[in-house]
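K.L.:
Starting off with a structure, shown below.
The values are calculated or read from the model by the stated rules, or taken from the named source; none is laboratory data. Quick caveat, the model's predicted, so the values are computed rather than measured. Reconstructed Cβ throughout: ideal geometry from the backbone, glycine too, with neighbour counts over all protein chains shown. Areas reflect the complete protein model, heavy atoms only, side chains present, ligands, DNA and RNA absent. Shrake-Rupley method; radii C 1.70, N 1.55, O 1.52, S 1.80 Å.
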Amino acid sequence: MAVEDARPARATDRASLVNDPKVRGAVYQILLVLALAWLIWEIIDNTRTNLEQRNMATGWGFLDETAGFGIILNLVQYSEVSSYGRALFVGFLNTLLVAGIGVFFATVIGFIVGIARLSKNWVISRIAYVYIEVLRNIPLLLQIFFWYFAVLRAVPGKREMGTIIPGFHLNIAGLRGPAPVFQEGSTATVVAFILAVALTVAVKIWAGRRQAATGEQFPVLWTAIGLIVGLPLIIFLATGMPISISYPEFKETGPILMRGFQEGTGFVLIPEFLSLLLALSLYTATFIAEIVRAGILAVSHGQTEASYALGLRPGSTLRLVIIPQAMRVIIPPLTSQYLNLTKNSSLAVAIAYPDLVSVGGTVLNQTGQAIEIIAIWMLVYLTISLLTSAFMNWYNKRMALVER
Amino acid sequence: MTMKIMPLVLGAAVALAATAANAGTLDDVKAKGFVQCGVSQGLPGFSNPDDQGNWTGLDVDYCRALAAAIFNDPEKVKFSPLSAKERFTALQSGEIDVLPRNTTWTMSRDTALGLNFVGVNYYDGQGFMVRKSLGVASALELSGANVCTNTGTTTELNVADYFRSKDMPYQIVAFEKADEVVQAYDAGRCDVYTTDASGLYAQRLKLTNPDEHMVLPEIISKEPLGPVVRQGDDEWFNLAKWVHFATINAEELGVTSANVDEMKNSETPSIKRLLGTEGEYGKAIGLDNDWAYNVIKHVGNYGEIFERNVGPSTQLGIARGLNALWSKGGLQYAPPVR
């Protein structure tokens with residue numbers, strides 16, 4: 001470029017079309033696009049030809065065929081006679097489950113640790129520092145293996161109760177606890193609960209507006225507790241207590257393989273899920289903690305001083321003044337961490353958690369339809385990521401500083 | 001800048017298109033000077049690397065036999081350790097030339113996957129391993145068990161079929177790698193470890209206390225294991241088949257790596273044809289006439305390979321059983337060289 005610039009400016013004489021930089025640029029751009037299009041077409045055509053040549057089956061028909069394999073965790077009805085499509089759906093839900101809960105825990109832990117990292121208390125800030133530095137620098141797969149294999153060996157065996165607190169038991173087959181059983185007529189209670197939550201939100205908004213207008217505060221917390229606990233309780237009692245609790249049942253006699261906790265009693269979280277969730281949330285939380293710290297440090301110290309000057313206590317200052325401003329800095333990188341966590345959940349395959357990649361891999365192997373399965377994988381992860389990103393961008397816009 | 005990039009882009013595109021037309025696998029192998037062989041990630045007796053990275057095993061010896069036939073050098077092999085899930089894609093995409101990875105010959109794999117099975121180098125069946133302390137004597141008592149296995153294998157389907165047909169409840173915990181299955185089973189996550197019986201004997205060696213575990217007598221499936229090649233290259237398919245058959249024919253004819261030199265002077269016509277002193281059988285598969293001689297000289301016959309890797313004198317201690325020659329009550333049978 002420098003060489004070209006050094007040349008004397010081109011005279012105004014009519015340059016031939018070949019030498020006209022505008023034309024030349026356009027021609028090259030068109031050539032590049034054509035070459036790219038040709039390349040893509042070539043790849044598709046090549047794949048098709050090779051598939052035909054090697055007699056490999058293609059198409060989506062396999063989704064309706066019987067899967068024939070079992071899956072340890074299924075949120076929807078699934079058995080060995082279900083179809084491959086159903087199996088993939090089960091895997092998809094399992095991915096959403098671990099990613100969703102993982103994002104929640106990672107956010108909570110990340111915020112707590114991030115704030116703790118900035119604490120004036122030396123011990124607390126050191127603990128947060130060590131946690132971040134250690135967990136962030138160990139590869140995630142190793143952490144998954146640690147939580148799965150090392151901890152798995154430490155918990156009681158399958159035929160021991162392993163009670164942690166009454167009603168909750170942890171053994172090698174998973175964490176068990178009481179589960180609600182919804183009988184006939186329980187819908188009213190559930191509806192009442194949802195209604196109470198909606199009402200609470202409404203009260204919160206109303207109270208905020210009222211305070212902004214008149215300065216009077218309203219006891220939102222107590223109202224919320226009253227609504228969320230009280231309303232469903234009244235309905236529950238009025239409809240004749242249709243919800244019962246199922247406790248995990250433990251059998252100590254009978255054929256040895258049938259001993260231990262009985263399936264279908266209480267709830268169970270399988271160890272594969274627990275390990276993956278722990279590893280994902282603890283690992284991602286370290287990054288979120290640093291993002292939170294950066295966000296808080298980005299808010300000018302003058303804001304804290306001003307808020308103290310107004311007589312706000314440190315807790316309120318953090319909650320009402322610092323964090324809302326820090327959120328503007330926090331949200332964009334936070335989105336990336338949510339996306340990372342979701343994508344990292346595919347490491348589940350290493351510890352037998354049946355996520356989309358794990359189940360998809362089995363389907364791939366049984367049917368040999370690599371291109372279709374990989375297309376499904378890419379499409380699903382792309383969709384999840386784009387939706388997360390779209391939601392976070394919307395939230396970011398809401399939180400952004402309103403400039404007038 | 002564009003001036004410089006354009007030819008590069010176009011050049012890359014042309015190069016990509018050019019590789020689309022593929023030559024025969026044998027020519028490719030000869031050109032690169034070694035056989036790229038897909039094996040398991042470590043299954044003692046079948047394909048297992050030692051601490052120096054030297055691979056040994058029944059499947060590994062098939063690769064070496066192939067290299068000996070082509071190059072007269074059993075060392076001209078490179079190994080790609082593959083998981084059960086990766087193996088077919090690696091073969092289909094041309095990453096490997098041949099896949100002897102204790103792979104079960106099934107109809108769907110033979111037809112819809114674009115693969116060809118060379119033969120059966122080990123007749124196997126799926127079994128169950130449990131802790132002796134459970135006091136279980138038969139697979140029929142496994143009702144309610146947690147079962148550990150590998151994902152993406154016929155094993156996973158067989159176990160589902162078996163428990164369903166016997167109406168026994170079970171839970172499957174499926175890992176991608178065999179090593180993780182062993183670890184999880186060893187930790188007590190599962191009551192049962194299921195895979196091909198040969199695999200159970202091999203993996204048992206990796207457990208903390210191998211003596212505390214036993215393989216149940218039931219074999220719940222047929223698992224003919226054998227090397228696989230891509231469909232659509234008949235020359236390579238023929239060569240792969242006949243290297244396998246040569247080892248079996250050699251055992252049947254009593255030709256071993258020790259006596260192959262004197263056998264070359266044998267007057268028996270079938271030995272003469274096998275060792276290339278009569279006829280032009282090497283040419284038919286694109287090799288020299290002493291291809292089978294090289295295989296037996298360097299690697300040995302099927303019986304020797306079996307004894308060396310999995311036989312009664314090894315740690316695995318597997319009896320010949322179904323894998324004995326047809327003339328000795330087994331199933332190993334090779335078409336004659338003629």
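K.L.:
What are the residues in segment B:105-123 that are in contact with a strand residue (DSSP E or B) (Cβ under 6 Å, 6 or more places away or on another chain), within 12 Å of chain A (Cβ to nearest Cβ) and open to solvent by 30 Å² or more (accessible area, probe 1.4 Å), if any?
P.N.:
Across segment B:105-123, the qualifying residue is only B:Asp110.
K.L.:
Here are A:Val363, A:Val380, A:Val357: which of them is within 14 Å of chain B (Cβ to nearest Cβ) and under 17 Å from the mean Cα position of the chain (by Cα)?
P.N.:
Every option except A:Val357 fails the conditions.
K.L.:
Something else: Inspect segment A:261-269 for any residue being within 14 Å of chain B (Cβ to nearest Cβ) and assigned to a helix (DSSP H, G or I) and give the result as yes or no.
P.N.:
No, the conditions are met nowhere in segment A:261-269.
K.L.:
Go through A:Thr317, A:Thr304, A:Thr286 for me and flag whichever is hydroxyl-bearing (Ser, Thr, Tyr), modelled with pLDDT of 90 or more and under 24 Å from the mean Cα position of the chain (by Cα). Spell out the reasoning first.
P.N.:
Numbers: A:Thr317 fails: under 24 Å from the mean Cα position of the chain (by Cα); A:Thr304 fails: under 24 Å from the mean Cα position of the chain (by Cα).
Answer to the selection: A:Thr286.
K.L.:
Among what's in segment B:242-274 and is of a type in the set (D, E, K, R) and open to solvent by less than 50 Å² (accessible area, probe 1.4 Å), pick the residue that is nearest to the chain's Cα centre (by Cα).
P.N.:
As a first pass, look at segment B:242-274 and keep what is of a type in the set (D, E, K, R): B:251-252, B:261-262, B:264, B:267, B:272-273.
Subset that is open to solvent by less than 50 Å² (accessible area, probe 1.4 Å): B:251, B:272-273.
Details: B:Glu251: 19, B:Lys272: 29, B:Arg273: 27 Å.
The extreme case among them is B:Glu251.
K.L.:
Where the second residue is open to solvent by 20 Å² or more (accessible area, probe 1.4 Å) and in a strand (DSSP E or B) and the first is facing chain A (nearest Cβ under 8 Å) and lies in segment B:124-152, which pairs have Cβ atoms under 8 Å and are six or more apart or on separate chains?
P.N.:
B:Leu142/B:Tyr170; B:Ser143/B:Tyr170; B:Gly144/B:Tyr170; B:Ala145/B:Tyr170; B:Ala145/B:Gln171; B:Asn146/B:Tyr170; B:Asn146/B:Gln171
K.L.:
Further question: Can you tell me which residue in segment A:41-71 is nearest to B:Gly94 (Cα to Cα), limited to those that are more than 10 Å from chain B (Cβ to nearest Cβ) and of a type in the set (A, V, I, L, M)?
P.N.:
Only one residue fits best here, namely A:Ile44.
K.L.:
Only one of these is farther than 30 Å from B:Ser198 by Cα, among the charged types (D, E, K, R), at pLDDT below 95 and outside any loop (DSSP other than H, G, I, E, B): B:Glu278, B:Glu235. Name it. Full working, then the answer.
P.N.:
Values: B:Glu278 fails: outside any loop (DSSP other than H, G, I, E, B).
Among B:Glu278, B:Glu235, only B:Glu235 is farther than 30 Å from B:Ser198 by Cα, among the charged types (D, E, K, R), at pLDDT below 95 and outside any loop (DSSP other than H, G, I, E, B).
K.L.:
To continue, here is another question. State yes or no: is A:Val33 in contact with a Lys or Arg (Cβ under 9 Å, 6 or more places away or on another chain), open to solvent by 80 Å² or more (accessible area, probe 1.4 Å) and either under 30 Å from B:Asp234 (Cβ atoms) or in a helix (DSSP H, G or I) (or both)?
P.N.:
Values: in contact with a Lys or Arg (Cβ under 9 Å, 6 or more places away or on another chain): no; open to solvent by 80 Å² or more (accessible area, probe 1.4 Å): yes; either under 30 Å from B:Asp234 (Cβ atoms) or in a helix (DSSP H, G or I) (or both): yes.
Taking the combined requirement at face value, the residue does not satisfy it.
K.L.:
Within the group A:Gly185, A:Gly226, which residue is over 28 Å from the mean Cα position of the chain (by Cα) and modelled with pLDDT under 85? Lay out the reasoning, then the answer.
P.N.:
Numbers: A:Gly226 fails: modelled with pLDDT under 85.
Only one candidate passes the filter, namely A:Gly185.
K.L.:
What number of residues within segment A:180-233 satisfy the criterion of being part of a loop (DSSP other than H, G, I, E, B) and in contact (Cβ under 8 Å) with a residue 60 or more places away in the chain? Walk me through how you get there before you give the answer.
P.N.:
So in segment A:180-233, the residues part of a loop (DSSP other than H, G, I, E, B) come out as A:183-186, A:215-219.
Now narrow it down to the ones that are in contact (Cβ under 8 Å) with a residue 60 or more places away in the chain: A:183.
Of the residues in that region, 1 qualify.
K.L.:
Go through the residues of segment A:63-73 one by one and say whether even a single one is open to solvent by less than 20 Å² (accessible area, probe 1.4 Å) and either touching a Gly at 6+ places or on another chain (Cβ under 8 Å) or closer than 24 Å to A:Thr383 by Cα (or both).
P.N.:
Among the residues of segment A:63-73, not one is open to solvent by less than 20 Å² (accessible area, probe 1.4 Å) and either touching a Gly at 6+ places or on another chain (Cβ under 8 Å) or closer than 24 Å to A:Thr383 by Cα (or both), which makes the answer no.
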